Amino acid sequence: MRAVIQRVSEASVTTEGKITGIIKNGLLVLLGIENADGTADLEWLSAKMVNMRIFNDQQGVMNVSIKDAGGDILLVSQFTLHASTQKGNRPSYSRAGKGDFAVPLYEKMIVQLEKDLGKKIQTGTFGADMKVTLTNDGPVTIIIDSKNKE
């Protein structure tokens, strides 16, 4: 599982002209699921996102987690995070999990994030053509991969 995490002052996702998720201060998470992912990946990734200290404390130092800051999460599926650009100019998405495999994991990730965060999260629409808007705060953008825990 791969996630691009952006600290935002606001973010929203629209599908077919309808807003499906919107947050103020929090994290916009673009999530890519690959065929090799499982429950252990989503549990590790969820805990890492919820407890990562990337919000400012009173001294302006990134020392507060989203959970402690009381922020929100907007989760958006994005299969292109597993693009391979090794050969040619057209990316291959063969590592990206197909819907029948990825949708159940995406839904489990929603449940896991809500459990770890202690409140409901906002989401996009899996597999849809979505429009995402955001105001990146900082900017702070972090990439995490459950297969490359660095």
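Here are the numbers:
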| item | result |
| --- | --- |
| Meets criteria (among the β-branched types (Val, Ile, Thr), under 24 Å from residue 25 (Cα atoms), open to solvent by 70 Å² or more (accessible area, probe 1.4 Å) and more than 13 Å from the chain's Cα centre (by Cα)) for residue 61 | yes |
| Any hit, the range 52-64, residues being touching an Asp or Glu at 6+ places or on another chain (Cβ under 7 Å), touching a residue at least 12 places away in the same chain (Cβ under 8 Å) and not acidic (Asp, Glu) | no |
| Close pairs from the range 1-15: first under 23 Å from residue 96 (Cβ atoms), partner of a type in the set (D, E, K, R) and part of a strand (DSSP E or B), Cβ under 6 Å, at least 6 apart | 2/145; 14/131 |
| Of all residues making up the range 3-26, the number that are charged (D, E, K, R), within 11 Å of residue 131 (Cα to Cα) and part of a strand (DSSP E or B) | 1 |
| Selected residue [more than 17 Å from residue 144 (Cβ to Cβ), crowded, with 16+ Cβ neighbours inside 10 Å and at pLDDT 95 or above] from 13, 8 | 13 |
| Any hit, the range 89-109, residues being open to solvent by 40 Å² or more (accessible area, probe 1.4 Å), at pLDDT 85 or above, closer than 29 Å to residue 57 by Cα and of a type in the set (Val, Ile, Thr) | no |
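The values are calculated or read from the model by the stated rules, or taken from the named source; none is laboratory data. All values derive from a computational prediction rather than experimental measurement. Neighbour counts run over all protein chains shown; Cβ positions are idealised from the backbone, glycine included. Note: areas computed on protein heavy atoms with side chains; ligands, DNA, RNA excluded. Shrake-Rupley method; radii C 1.70, N 1.55, O 1.52, S 1.80 Å.
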